[in-house]
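These notes concern the structure reproduced below.
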Amino acid sequence: MKTSAAAIAVVCGAAAASAFVPHSSPKAFLAKHAAPSTSGLFMAEDAEESKAFDQEAYIAESKEMRLKYLEDQAMFALKTSCENFDNAVFPNALIAGDVVITHLLDRLGYLKNGKCTVMCVDTFHLFPETIDFIKEIEEHYGFKAEIFCAEGVPVLDKDAYDTKYGADLWKEDIEQYDKVCKVEPFQRGLKTLNTDCMINGRTRWQGFERAWIDQFENAPIGGGLAKCNPLAYWTLEDTFDYIAKYNVPHHPLHAKGYPSIGDAKDTIPIPEDGSTRFVDFKFEGDPVPWLDYASERKGRFVGLQNKDGSTKTECGIHVAGAEKTFDRDLWEEGSVKNIESSDAALEVVKSGKPSVVTVYAPWCQFCQGMEDEYAAFAEQADVDVYKFRGDEVRDFVQSELNTESFPTVNVVKADGTVVKYDSEERTVDAFNAFVKEQLA
């Protein structure tokens, strides 16, 4: 019921407000917009003024009135954000709503004068067309986007990402993938740019999770960071109407059947046969599969599930708790010793001294989950206890330290044999028992 109410409110609320702006005298306005009779004819007070009711013209004019109101409202929101905050940042995902916001920011002069910075996140799984489109709109509007990606990897270097994090991270742990490729670089971007107001393209029309957002919020990220949703009350139809009206540059995959564009690995056309398209600023095929309530993102996150088995609908950027990043390393204090390099790891293995070596990645939730227990184990262990960051040297830890995933706990025997701990029970007692067994 809430979803339906939200849909009705979004469609009717702004339109009703715009209808109170007459284009002529009150009498003419009332006569022009009076309700039609059941015969489909408009009956004026004076029979001589009667004329056929032009339904299509009335709808077109009503949509134009609504779009003008929404445009003014969005511009007001953007002015409020860019004029009242020092570092307004627009994370741009290049979807339909985002290209409208880009166009509005350009019309207001905020892209060229630097009052708003455009930020993009490269997940290393975007469509090639998306990367090309970033360059296209940079050239069209005359700005340069700030691009952020997974920590420790050069922008657009997929091979470096695969080496550090693994090409199949999204298959192995979708939550960690979101953290590494979306949430962390997104937040690092906001911090790097000293963001005090974040502009984004979320709308109530996109679905129940967003059905009650307003134009202005405090974001969960950054503890009160101002958040502006200039298109909060727009429908997707409004968005494409606006794109068509102003010939706004938009993502080329709209012409191939994609209503919304995310990662290539889990984004599909809607309908899947690609029969609905937006080509040359107009729809081909039936637009309803795109424009119906909560349908814009139906082609996103396809085949993905959260750990609790529920269908995935969000990447984690806009949800509460997303500010919990992994800006720090693990086991920075205490008795766990750090191994600085691959050569140093080989020295530990060949030292002739028994030890425990855990291969970890600081972004891994399972490594984070065992942090306290492993620290407590190190405090009372009779052997040296080490940590070795393995996500940056995957080939080495796979060949030398039994590592296929994180964390991997190994007991190193005096003869240099490295024995992997296979249990997921990561407690002090369990570690003690394993070490005792291997070194008996």
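If you scan the range 244-267, which residues turn out to be part of a helix (DSSP H, G or I), within 23 Å of GLU71 (Cα to Cα) and either among the aromatic types (Phe, Trp, Tyr) or in contact with a strand residue (DSSP E or B) (Cβ under 8 Å, 6 or more places away or on another chain) (or both)?
Within the range 244-267, the first condition is being part of a helix (DSSP H, G or I), and the residues that meet it are 244-246, 252-256, 264-266.
From what's left, within 23 Å of GLU71 (Cα to Cα): 244-246, 254.
If the condition is that a residue be part of a helix (DSSP H, G or I), within 23 Å of GLU71 (Cα to Cα) and either among the aromatic types (Phe, Trp, Tyr) or in contact with a strand residue (DSSP E or B) (Cβ under 8 Å, 6 or more places away or on another chain) (or both), then ALA244, TYR246, HIS254 are the ones that fit.
With respect to GLU272, determine if the residue is over 19 Å from PHE133 (Cα atoms), open to solvent by 20 Å² or more (accessible area, probe 1.4 Å) and in contact with a strand residue (DSSP E or B) (Cβ under 8 Å, 6 or more places away or on another chain).
Values: over 19 Å from PHE133 (Cα atoms): yes; open to solvent by 20 Å² or more (accessible area, probe 1.4 Å): yes; in contact with a strand residue (DSSP E or B) (Cβ under 8 Å, 6 or more places away or on another chain): no.
When the stated conditions are applied, GLU272 does not pass them.
Is it the case that some residue within the range 199-213 is among the aliphatic types (A, V, I, L, M), in a strand (DSSP E or B) and under 29 Å from GLU71 (Cβ atoms)? First the steps, then the outcome.
Step one: filter the range 199-213 for residues among the aliphatic types (A, V, I, L, M), giving 199, 211, 213.
Next, from what is left, pick out any that are in a strand (DSSP E or B): 199.
Those still in the list that are under 29 Å from GLU71 (Cβ atoms) too: 199.
Looking for residues that are among the aliphatic types (A, V, I, L, M), in a strand (DSSP E or B) and under 29 Å from GLU71 (Cβ atoms), one finds at least one in the range 199-213, hence yes.
Would you tally the residues in the range 72-91 being open to solvent by 10 Å² or more (accessible area, probe 1.4 Å) and in contact with a helix residue (DSSP H, G or I) (Cβ under 8 Å, 6 or more places away or on another chain)?
So the first thing to find is which residues in the range 72-91 are open to solvent by 10 Å² or more (accessible area, probe 1.4 Å), and the list is 72-73, 75-76, 79-80, 83-87, 91.
Then drop every residue that is not in contact with a helix residue (DSSP H, G or I) (Cβ under 8 Å, 6 or more places away or on another chain), which leaves 73, 75, 91.
Selection size over the range 72-91: 3.
Does at least one position in the range 183-195 carry a residue that is assigned to a helix (DSSP H, G or I) and either at pLDDT 95 or above or in contact with a helix residue (DSSP H, G or I) (Cβ under 7 Å, 6 or more places away or on another chain) (or both)?
Step one: list which residues in the range 183-195 are assigned to a helix (DSSP H, G or I), which gives 183-192.
Subset that is either at pLDDT 95 or above or in contact with a helix residue (DSSP H, G or I) (Cβ under 7 Å, 6 or more places away or on another chain) (or both): none.
For the range 183-195, residues assigned to a helix (DSSP H, G or I) and either at pLDDT 95 or above or in contact with a helix residue (DSSP H, G or I) (Cβ under 7 Å, 6 or more places away or on another chain) (or both): absent.
Here are some conditions: (1) at pLDDT below 95; (2) under 18 Å from ARG394 (Cα atoms); (3) not hydroxyl-bearing (Ser, Thr, Tyr). GLU323 meets all but one. Which one does it not meet?
(2)
Residues of the range 395-406 being closer than 15 Å to ILE339 by Cα and either of a type outside the set (Phe, Trp, Tyr) or under 28 Å from the mean Cα position of the chain (by Cα) (or both), which ones? Full working, then the answer.
Keep residues of the range 395-406 that are closer than 15 Å to ILE339 by Cα, which gives 396-397, 400-401.
Answer for the range 395-406, where residues must be closer than 15 Å to ILE339 by Cα and either of a type outside the set (Phe, Trp, Tyr) or under 28 Å from the mean Cα position of the chain (by Cα) (or both): VAL397, GLU400, LEU401.
With the requirement that a residue be open to solvent by 20 Å² or more (accessible area, probe 1.4 Å) and under 15 Å from ARG297 (Cα atoms), what does the range 244-269 give you?
Within the range 244-269, TYR258, ALA264, LYS265, ILE268, PRO269 meet the criteria.
Could you tell me which of the residues ALA219, ALA232, ALA294 is closer than 23 Å to LEU67 by Cβ, at pLDDT below 95 and aliphatic (A, V, I, L, M)? Break it down into steps so the answer makes sense when it comes.
Numbers: ALA219 fails: closer than 23 Å to LEU67 by Cβ; ALA232 fails: at pLDDT below 95.
After applying the criteria, what remains is ALA294.
I'm trying to understand the selection: among the residues of the range 335-369, which are within 16 Å of ARG389 (Cβ to Cβ) and in a loop (DSSP other than H, G, I, E, B)?
Within the range 335-369, VAL336, ILE339, GLU340, SER341, ALA361, PRO362, TRP363, CYS364 meet the criteria.
Restricting the range 101-136 to residues that are aliphatic (A, V, I, L, M) and assigned to a helix (DSSP H, G or I), which is surrounded by the fewest Cβ atoms within 10 Å (Cβ to Cβ)? Don't jump to the end; show me each part of the working.
Looking only at the range 101-136, we keep the residues that are aliphatic (A, V, I, L, M), and these are 101, 104-105, 108, 111, 118-119, 121, 126, 131, 134.
Those still in the list that are assigned to a helix (DSSP H, G or I) too: 101, 104-105, 131, 134.
On the way: ILE101: 24, LEU104: 23, LEU105: 26, ILE131: 15, ILE134: 18.
Selected residue: ILE131.
Of all residues in the range 354-373 being of a type in the set (A, V, I, L, M) and closer than 20 Å to GLU151 by Cβ, which is surrounded by the fewest Cβ atoms within 10 Å (Cβ to Cβ)? Reasoning before the result, please.
We begin by selecting, within the range 354-373, every residue of a type in the set (A, V, I, L, M); these are 356-357, 359, 361, 370.
When the remaining residues are screened for being closer than 20 Å to GLU151 by Cβ, the result is 359, 361.
On the way: VAL359: 30, ALA361: 26.
Across the range 354-373, the extreme among qualifying residues is ALA361.
The values are calculated or read from the model by the stated rules, or taken from the named source; none is laboratory data. What you are looking at is a predicted structure, and each value in this text was computed from that prediction instead of being measured. Positions of Cβ are generated from backbone atoms using ideal geometry, with glycine treated the same way; all protein chains shown enter the neighbour counts. Each accessible area value is taken on the protein alone, full model and side chains, heavy atoms only, with ligands, DNA and RNA left out. Shrake-Rupley method; radii C 1.70, N 1.55, O 1.52, S 1.80 Å.
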